[in-house]
Structure formats: C-alpha cells, structure tokens
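Below you'll find the structure, written out as structure tokens, and then a few comments.
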Amino acid sequence: MSRNEFGRILFWSLMSFAWITFFADNMAGMLISILAFFILIYYGLFKKKKLIEVSLFLLFLIPEYPRDILFLYDSLSSNEIFYNTVNTVKIGPLTLFYWAIITLPVAIVVFNKFKLSRASGIAVSAVVLLLAWLVFITVINDQPFDLSIAITNVKIYIVLICVFLLLSNWKEQELKAQLQSFLIFLPVIIGLRVILFIAYDFTLGTPSWDYFTQPLISAITFILFLQTKDKTIFERSMVYRILFYISLFSLSRALIGIVIITLFFSFLLSKKIKLKFKVMMEIIPFFTVLCFAVLVTNPNLYNFLLWKVSDLNVFQENKEMSGSGKVRQYEVINILDGNESSEMKVLLGYGLSGSFNFDKYPLPILEALDSKSFSEKERLGNRYFFPHSFIAANLLRGGLLLLLLYLFVHFALFVYFFKSNEYYLSVLSIFLIYNSYVRVEYALLLSILITLALLKNQVSTIQNNSDKATHS
C-alpha cells in the first residue's frame, strides 16, 4: 500500500470517526455539514471528476443516525436532540445533500446550454414519465392527500433525475474509475475506523460493537478483485486485507447470510486460485479470533450473535419468523388485502401519499407498533405511510405495476452486466434492490449503474453502425 493510498484511508477514517463520535450531536456537526455542502458544490462545479467519489464517501461514511440510536430514537424523533450530517441538516423541506444534488445539475445544464447526452436524456425521460404516472395515481386515489408524505416519496426519483443530469457528459471509463475507486477504498477506511471505534469504546467501558460497517459493499469489492486480471492492492498488501476483513463484521442476519453466499459464488466465478486459498487461510482464523474477542469483552453480545447466526439455519423445522420479519409480512398482507384494498389498488397502488393500516390483519407483535418502526403521526392517525421493505413500499406507491418495474430494472442490470462479464456490477445491481427505493446513497449507486449500462449500450450501437457502414 503506497503512502498516498494510506494517507487517503487515514484522512477519511479520522474525519468520519471524529464527526460521528464528537461533533455530529452539537453545533460543530452542523457547521461541518454546511462545509461539506459547499465542498460538494465546489467539486460539482470545478472538479466534477471527483464529485461522485466524494459524494459516495460522505453518504456511506457519515450515517444519518448515531451509533447508540436504539437508546436515543425517541429523543431524536421528538427533536429533543439532533444528529447533524450532510444528509440530516435541513434547510426548509430538504436536507443539505438534496439541495446540493438539485443545485448542481441545474447549474451544469445551464452552463452547457441545455445539451444532454443521449443516455441521460433516455434515463431522465423514463423517470419523468414514471413520476407523472405516480402523480396521476395520487390524484385519482380516494385517500386523503398528504403533501409532506408525497414530497418525501418523490425525493428518491428526484435524486435519480439529478444524478442522470450530473453524469450527462461523462464517459463510461471515467465513471467506472470513480465507482471502482470508491469500492476499493471504502472497506479499508471502514476497517481502520472500526479500530478507532473499538479503542475509543474501551476508554468508556464495554464495547458496543456497532460500527457502521458496509459488508455488502465489501463483498462487491472482493468480487472486483477476483475478476481483475492484474495483481491488485488486495493481493499486494497484508494491511489492506486485515482492514478489509474487519469491514465485513456485522450483526445483521440478512447481511451475514448474503455476504457468505456472495463470497462462496464469487470463489466459483474466479480463476485466481492462489488468492482464494490465501483468503481462506486468513479469514477463518481471523473471524475465530474476532468472535473470541467479542466473547471476552461483551458476553451478552456474543450470545446475541450466536442467536442471530443460528437463525440462518433454513433447514430447521418449525422455524419462527423474527419480529422484524413479521412486521414486513403483515405490511404486505394489509396492503394487498386490507380494509381499503381493491383489485385496482393492488394493481396501481395508492399513489405518492398512500397509506395502509393493520385493522384487517392486526400485527401479532403489538410492541412492533412503536416509535422505532412508525412515527407518532402514523400511530395516532392509524395511517402508515412508510413500510419497511421494497415490496411493501412499491406496492403502496404504485401497486404491482411499480413493483414489477422496480424488479425489472434491477434484474435487467444484473443480466446486462453479467453478460458483459462485469460480475461486481452485476451483483451490485441485485444488492441495490434492498435499499435503492428509499435511501439516497443506494439510489445514487443505482443511477450510476443505469448510466453505465446506457453508455455501454450507446458505444456498442455506434460500433455496430460503423461496422455495417464499413461492410456496405
């Protein structure tokens, strides 16, 4: 690992660690967030080739909530305390990041005299048509209209449109280089930051082991390394690999299962036999030591981790669904067959401010109807606007048609990149299904993948036309 590479890793690790730990809950965090906003504007106008990478690092390294959110959720919801990041500090109805992502494309399009690339034009037109359709469904829906909910649901589509405009004049290789740089450096930045979190936690008492890792991104990065023919930084540097392994740690059952399955299949797709053998020899003892460290420092967490892992046993008879799984299940059931459901609403949804309730099929776990799952406004009004899965959310907004379109886009990208032998992009397309419908950082990644696919297809079309002209 070169000095410049380690310096970059050290900067982002220290900056994000300090922001999260010491500044985000006070005025300093707000000032840093405002500074980050102006940095985004600066990069967008004067150094746009780094804009995507900087935006992704800010969004993935600086979460919207504190590490101890489970204890602070009610206070955060009631605005008794604040957690200041570029994606939570608001000016009017929008956060600083949304203002940046809206301001930049407008300025860039104006400076370029409204010239759009063909790829961006296609992408923007498709999203505008989709938005127009959802607005139409909202208008004809007989539920009470809620402007604030509609604006919230529109934000993701606005992000898609704005990013397509921002990428209008990019070339495929330039965009891919920015994405790969982000993928390569994010895991080790997080790995080093985890060490900083652990060291800080030991000064306070028992480690919490909640460290804002991004194991899905790490899994994508590993696939990128396995399919790269040249010798990568992963193979050259033991320090990189150690930090990379640390970044895989997570207490989420879904993430544990997905990462294990992804790593297994990535081994099958790669011909780098030496690298695969080296990883197996390193990662097994590494996680054995990690689990032992958790056992020694936090026995209650170790037992919790064992329970989480045991839940991954799909062959167990009479397996009980987790509480969060039941919430998601009953959300879908009530949207499809609740008190206000009809065949038309199942097909078209309830629009951008649509809601559902649990009257017909009550939740079997009443504790799930708390502030961690639904806002006070939703619970008091018995109208729930924000379900917890991409299936329920798309069914609520646009019915089966929107859900099928959502799945089609992700699976089309998966097939397209798989056929192009770009497996890391292919798997990333599938991973984005889980979050790109609601989280701005994943929507940003989805915009990049769609743009890459359109740019690649555009180049292929031009090449085919040129070949035909030559032969004729």
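The values are calculated or read from the model by the stated rules, or taken from the named source; none is laboratory data. Here the structure is a predicted model, which means the values were calculated and not measured. Cβ coordinates were reconstructed from backbone atoms using ideal geometry, including for glycine residues, and neighbour counts include every protein chain displayed. All accessible areas refer to the heavy atoms of the entire protein, side chains included, with ligands and DNA or RNA removed. Shrake-Rupley method; radii C 1.70, N 1.55, O 1.52, S 1.80 Å.
Principal axis extents of the Cα atoms in segment 346-403, from largest to smallest and rounded to whole angstrom, are 32, 21, 19.
Can you divide the C-alpha Rg of segment 202-241 by 2.2 N^0.38 Å and report the result to two decimal places? Let's see the in-between values first.
Working: Rg = 14.9 Å, N = 40, 2.2 N^0.38 = 8.9 Å.
Ratio of Cα Rg to 2.2 N^0.38 Å: 1.67.
Out of every Cα-Cα pair in segment 1-150, what percent are more than 21 Å apart? Display every interim value, and only then the final one.
On the way: 6656 of 11175 pairs.
More than 21 Å apart: 60 percent of the Cα pairs in segment 1-150.
Subtracting the Cα-Cα distance of ILE102 and PHE277 from 0.36 nm times their residue separation leaves 58.3 nm of extension gain.
Leaving ligands, DNA and RNA out of it, report the carbon-plus-sulfur percent of the accessible area of the chain at a 1.4 Å probe. That fraction is 67 percent.
Counting heavy atoms of the protein chains only and a 1.4 Å probe, report the per residue accessible area for segment 123-239 as a whole number of Å².
Working: 4710 Å² over 117 residues.
I get 40 Å² per residue for segment 123-239.
Average projection, convex hull of the Cα set of segment 1-88: 6.6 square nanometres.
May I ask for the percentage of alpha-carbon pairs in the chain that lie more than 42 Å from each other? It would help to have the intermediate numbers written out before the result.
Numbers: 19210 of 111156 pairs.
Summing the P(r) of the chain above 42 Å gives 17 percent of all pairs.
Expressed in units of 2.2 N^0.38 Å, where N is the residue count, the Cα radius of gyration of segment 79-162 is 1.33. Comparing Cα centroids, segment 16-54 and segment 126-165 end up 28 angstrom apart. With R₀ set to 30 Å, the beta-carbon distance separating ALA177 from VAL289 gives a calculated FRET efficiency near 0.25. Placing R0 at 25 angstrom, the Cβ-Cβ distance between VAL415 and GLN227 gives a FRET efficiency of 0.90 after rounding to 0.05.
Which value in Å does the Kirkwood hydrodynamic radius of segment 118-272 take, with 1/r averaged over all unlike C-alpha pairs and then inverted?
Working: mean 1/r = 0.0520 Å⁻¹.
For segment 118-272, the Kirkwood estimate is 19.2 Å.
Exceedance of the 19 Å cut-off in Cα-Cα distance is limited, within the set LYS229/LYS271; LYS171/LYS229; LYS278/LYS419; LYS274/LYS419; LYS229/LYS278, to LYS171/LYS229; LYS278/LYS419; LYS274/LYS419. The label-point distance for ASN382 and PHE22, in a model that sets each label 7 Å from Cα toward Cβ, rounds to 5.1 nm.
Find the percent of Cα-Cα distances in segment 154-198 that exceed 11 Å, and round it to a whole number.
Numbers: 723 of 990 pairs.
Of all Cα-Cα pairs in segment 154-198, 73 percent lie more than 11 Å apart.
Provide the gained length on full extension for the span VAL239 to LEU401, in nm with one decimal, where the gain is 0.36 nm per separating residue minus the Cα-Cα distance. The partial results should precede the final answer.
On the way: separation 162, 0.36 × 162 = 58.32 nm, distance 4.79 nm.
Stretched fully, the VAL239-LEU401 segment lengthens by 53.5 nm.
Counting only lysines at least 8 places from LYS372 when in the same chain, those with an alpha carbon closer than 18 Å to its own are LYS326. Annotation for TYR73 and LYS50: the two label points, set 7 Å from Cα along the Cα-Cβ direction, are 3.9 nm apart. Would you work out the Kirkwood radius for segment 226-299? I mean one over the mean of 1/r across all pairs of different Cα atoms, in Å. So the Kirkwood estimate lands at 13.7 Å.
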